[in-house]
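Beneath this line is the structure, given in structure tokens, with notes to follow.
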Amino acid sequence: MIKLIGEQINALRKFFGLNQAEFGAKIGLKGSSVSNYEVGRVSVPDSVILSICREYGCDETWLRTGEGEMFRPRNHREQVVDYLSRLLRDPSADFQLRLIELISEIPPEFWPLLEEKARSILFPDGDVKT
């Protein structure tokens with residue numbers, strides 16, 4: 001069981017292209033701790049599992065057992081909360097936070113126009129996703 005979780009942590013870390021130190025830093029761990037978890041040298045505490053799931057958005061069942069998908073589907077609200085949570089912890093996210101502040105000041109009657117403009121920027125070929 002310890003080895004399986006370690007393999008899952010390794011797969012998740014590689015998915016994000018992070019080394020052990022980078023992966024651990026995002027959840028308050030040293031790279032050596034991540035290494036110990038990955039090789040199954042020590043068991044992974046529940047608090048670390050929950051931190052990994054919260055920070056990296058992976059599915060807890062997948063992380064613990066290898067069953068299911070690496071990432072659980074998230075609804076729009078969860079995606080926004082996750083994004084804002086990451087922004088608030090990122091000291092280099094000043095522009096993004098200023099932009100969100102500006103967006104919060106837009107009157108409701110301009111929201112359809114803003115959505116149309118954003119979609120034209122994101123999907124210039126008209127391949128609009130909802």
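The values are calculated or read from the model by the stated rules, or taken from the named source; none is laboratory data. All figures in this text were calculated on a predicted structure; none of them were measured in a lab. Cβ atoms come from the backbone with ideal geometry, glycine included; neighbour counts cover every protein chain shown. Side chains included, ligands, DNA and RNA excluded: accessible areas come from the protein's heavy atoms. Shrake-Rupley method; radii C 1.70, N 1.55, O 1.52, S 1.80 Å.
Being open to solvent by less than 100 Å² (accessible area, probe 1.4 Å) and in contact with an Asp or Glu (Cβ under 6 Å, 6 or more places away or on another chain) narrows it down to one of Gly126, Gly68, so name that one.
On the way: Gly126 fails: in contact with an Asp or Glu (Cβ under 6 Å, 6 or more places away or on another chain).
The conditions single out Gly68.
Here's a check for you: in segment 1-40, which residue that is of a type in the set (Val, Ile, Thr) and part of a helix (DSSP H, G or I) is modelled with the lowest pLDDT? Give the derivation first.
Going residue by residue through segment 1-40, those that are of a type in the set (Val, Ile, Thr) are 2, 5, 9, 27, 34, 39.
Filter once more, keeping what is part of a helix (DSSP H, G or I): 2, 5, 9, 34.
Details: Ile2: 67, Ile5: 95, Ile9: 98, Val34: 98.
Going through the qualifying residues, I end up with Ile2.
Can you pull out the residues in segment 98-107 that are open to solvent by less than 100 Å² (accessible area, probe 1.4 Å) and assigned to a helix (DSSP H, G or I)? Spell out the reasoning first.
Quick first cut of segment 98-107, residues open to solvent by less than 100 Å² (accessible area, probe 1.4 Å) only: 99-100, 103-104, 106-107.
Within segment 98-107, Leu99, Ile100, Ile103, Ser104 meet the criteria.
Could you grab the pairs with beta carbons closer than 8 Å, sequence gap of 6+ or different chains, first residue in segment 10-23 and of a type in the set (Lys, Arg), second one at pLDDT 95 or above and open to solvent by 60 Å² or more (accessible area, probe 1.4 Å)?
Hits for this filter: Arg13/Asn19.
Restricting to segment 1-51, give me the number of residues that are of a type in the set (A, V, I, L, M, F, W, C), over 18 Å from Phe71 (Cα atoms) and more than 16 Å from the chain's Cα centre (by Cα). Can you show your working first?
Residues of segment 1-51 of a type in the set (A, V, I, L, M, F, W, C): 1-2, 4-5, 9, 11-12, 15-16, 18, 21, 23, 25, 27, 29, 34, 39, 42, 44, 48-50.
Narrowing further to those that are over 18 Å from Phe71 (Cα atoms): 1-2, 21, 25, 29, 34, 39, 42, 44.
Then drop every residue that is not more than 16 Å from the chain's Cα centre (by Cα), which leaves 1-2, 21, 29, 34, 39, 42, 44.
Going through segment 1-51 one residue at a time, the tally reaches 8.
Under 6 Å between Cβ atoms, which residue pairs at least 6 apart in sequence (or on different chains) link something in segment 26-43 that is open to solvent by 60 Å² or more (accessible area, probe 1.4 Å) with a partner that is among the aliphatic types (A, V, I, L, M)?
Once the first residue is open to solvent by 60 Å² or more (accessible area, probe 1.4 Å) and sits in segment 26-43, its partners that are among the aliphatic types (A, V, I, L, M) give Ser43/Ile2.
Report whether or not Phe95 is over 25 Å from Ile5 (Cα atoms), aromatic (Phe, Trp, Tyr) and open to solvent by less than 60 Å² (accessible area, probe 1.4 Å).
Values: over 25 Å from Ile5 (Cα atoms): yes; aromatic (Phe, Trp, Tyr): yes; open to solvent by less than 60 Å² (accessible area, probe 1.4 Å): no.
So Phe95 fails the test.
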